[in-house]
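Here's the structure we're looking at; comments come further down.
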Number of protein chains: 2
Amino acid sequence: MVKCSTAGLDASFTALSDATRRGVLEQLGRSDASITDLADKFQMTLAGMMKHVGILEQAGLVTTEKVGRVRTCKLGTRRLDEETAWLEQHRQLWESRFDELDKVVDELKRKEKNNGRKK
Amino acid sequence: MVKCSTAGLDASFTALSDATRRGVLEQLGRSDASITDLADKFQMTLAGMMKHVGILEQAGLVTTEKVGRVRTCKLGTRRLDEETAWLEQHRQLWESRFDELDKVVDELKRKEKNNGRKK
C-alpha cells in the first residue's frame, strides 16, 4: 500500500465525513470566504462554523487569516493526493477480489455443464 | 458537483477515518477473514473489532455472514466510486484556484518589472 501519514489520513477523512465541511471546501474552491459568509450560507451559528473550519484547518485542507475583525478562509495547500491514492488502491484490490470470485463462479458453471453432459 | 448520497459519503468517509478500519479493508482485499482473525491481527478485543466492522458494514464497505459460531467478513459491493469522484472534483477546483493565484502573481511581477523600466 501507499505509505502515507496515518494521522494525516485520519484527519482528512474525518474532515470529509460531514456534508457541511464538504460544502465549505466546494465553496472555497469557487472563492475565498469569511467565516461570517460561510455561517450565513450554511445557515449555522458563527461558533458552529468556526468549529467546522477548525477541523478543516487541522487537516490542512483550509487556511485562515484574520485581518481586523474578519477571518478569511481559503483552500489549504493539500490537494488530497494521498487520499485519492488510497481509494485508488482499494478499488484495485476490490476489482481483483471480485475477478477471483467471477473465476470461481465460471469454474463452477463449467463443471456443472460437464456433469450435465455426462448424465 | 457530482450528485451522490450525502449520508452515504458521510458514512464512508467516517469509516475511512480510522487506521484500523482502513487496515481491515486492506486485509479483506487480500482474503476474507473472521472477526477473531481480524481481532488477533490488529491486537484488539473481539468487541472492539466488532464495533469497527459494524461501522464498515453500515457504510456498505464490508459484508459479514455468520456460519455456526464464526462470523466471516468480506469486502462489500461498494467500490468507493462516489468518494473517488468527490476527491477528483475537489482536486480540479483546487488546481483552478491555484492557477488563478499564479496568474495574479505573474501579473504583479509583470507590473513591477514595467515600473522598474519606467524609473
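Here are the numbers for the structure shown:
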read-out: The stretch A:36-119, accessible area per residue, ligands and nucleic acids excluded (1.4 Å, Å²); value: 70
read-out: Approximate spin-label separation residue B:66-residue A:40, in nm, with each point projected 7 Å along Cα-to-Cβ; value: 5.4
read-out: Label distances, nm, residue A:40 versus same residue in remaining copies, Cβ-directed 7 Å point; value: 6.1
read-out: Pairwise label distance in nanometres, residue B:26 with residue A:30, each label 7 Å out on the Cα-Cβ vector; value: 3.8
read-out: Equivalent-ellipsoid semi-axes of the protein assembly as shown, from the Cα gyration tensor, Å, largest first; value: 46, 22, 15
read-out: Label point 7 Å beyond Cα along the C-beta direction, distances from residue B:111 to other copies (nm, shortest first); value: 7.6
read-out: Two-site label geometry, residue B:91 and residue B:107: point separation in nm, points 7 Å out along Cα→Cβ; value: 2.8
read-out: Tail fraction, Cα-Cα pairs, the stretch B:1-87, threshold 14 Å, whole percent; value: 62
read-out: Percentage relative contact order, chain A, counting C-alpha pairs under 8 Å, at least six apart; value: 26
read-out: Inter-copy spacing of residue A:51 label points, which lie 7 Å from Cα along Cα→Cβ, given in nm from shortest upward; value: 2.1
read-out: Among the listed pairs A:41/B:111; A:66/B:103; A:74/B:51; A:111/B:66; A:113/B:74; A:74/B:111, those beyond 30 Å (Cα-Cα); value: A:41/B:111; A:74/B:51
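The values are calculated or read from the model by the stated rules, or taken from the named source; none is laboratory data. Remember, it's a predicted structure, so these values are computed and weren't measured experimentally. Glycine gets a Cβ as well: all are built from the backbone with ideal geometry, and neighbour counts include every protein chain shown. For the accessible areas, the whole protein counts, side chains as well, though only heavy atoms, and no ligand, DNA or RNA atoms are used. Shrake-Rupley method; radii C 1.70, N 1.55, O 1.52, S 1.80 Å.
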